[in-house]
Amino acid sequence: MTPHRSRYGPLRLEDRVIDYEIARRARVTRRIHLELSERGGLRVVAPRRMSQRDIHHTLLSNPTYVARFLDRAREQQATQAPLRYVDGEKHLLLGKRYPLDIWRAKDVRPRLEWMHDRIRLTFPEAPEVEAVRDLLLKGYRQRALDDFAERLETICADAPWTRRRPPPMRLRRMKASWGTCSAEGVITLNPLLLRAPPECIDYVIAHEVCHLRQLNHGPRFYALQDQLYPDWRETRRQLHEKGHIYLQL
């Protein structure tokens, strides 16, 4: 749903005024979440049944947290160097950085190879930046299909409510989400998650597998998550701290 402005106006927090917009998402059922919008403003993701008045009062009751979140998110955005898609530029794979090794070879179709110390991209002629970017993102997607499917199968083997069988899995690039689970039991994962360390991938997949049993984020959901991935809190913190880097394009 398209974000919209609150009719209660901006937040007035001591010596500053903060405008914010509200977005509703079906998966958010219990508490609000804060995000930095594409234009650097504050976006509040709230449950569908939560009124604008309650959202506004919740923000006002936590002024230090709101201000600190916005300042930190803007600082991360400002200090994050843009990714370059040129020879030698280092890109992430499973939490480690590998340099791009761009080759030219006549009469070949563009291809990507994941090597032990580099990411080799071969083109029939000198490529434009967009061609390098597109081939790299295609490579992430192709590898994610195999890697994520393998991890999903392994994690489901420890989740009796799945009958030890993985559900249907899809990939879709998302701006601010790592995964979703539909009411029909289809898990969708962000292929850019392949940039994160393996434990972050396992955490996200385990999280969505728990949603196969509990679609909300209630106590029963967290009990399942404790059972399936006991270290989820620390891994979630790690993903929150560096997620903006993994999502960078």
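No lab work stands behind these numbers, since they all come straight from the coordinates. If you're wondering where the values come from, they're calculated on a predicted model, not measured in any experiment. When we count neighbours, we look across all protein chains shown, and the Cβ atoms used for this are built from the backbone with ideal geometry, even at glycine.
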Dividing the alpha-carbon radius of gyration of the chain by 2.2 N^0.38 Å, where N counts its residues, gives 1.14
Radius, Kirkwood style, for the stretch 87-135 when every pair of distinct Cα atoms is counted (Å)
11.1 Å
Helix 219-228: inclination vs the chain longest Cα principal axis, degrees, rounded to 10, gives 30 degrees
Provide, for q = 0.10, 0.15, 0.16, 0.20 Å⁻¹, the log10 of I(q)/I(0) from a solvent-free Debye sum over equal Cα point scatterers in the stretch 104-249.
-0.40, -0.79, -0.87, -1.21
So how tilted is helix 63-79 from the main axis of the chain? Cα-based, degrees 0 to 90, rounded to 10.
20 degrees
Determine the distance separating the Cα centre of the stretch 189-249 from the Cα centre of the stretch 37-114; give it in Å without decimals.
17 Å
For ARG39 and ALA81, extending 7 Å from Cα along the Cα-Cβ vector and measuring point to point gives, in nm, a value of 3.0 nm
Sites ARG97 and ALA223 - FRET efficiency at Förster radius 30 Å, r taken between beta-carbons, to 0.05:
0.20
Charged-residue dipole, Cβ positions (Lys, Arg, Asp, Glu), the chain about Cα centre, Debye nearest 20
800 debye
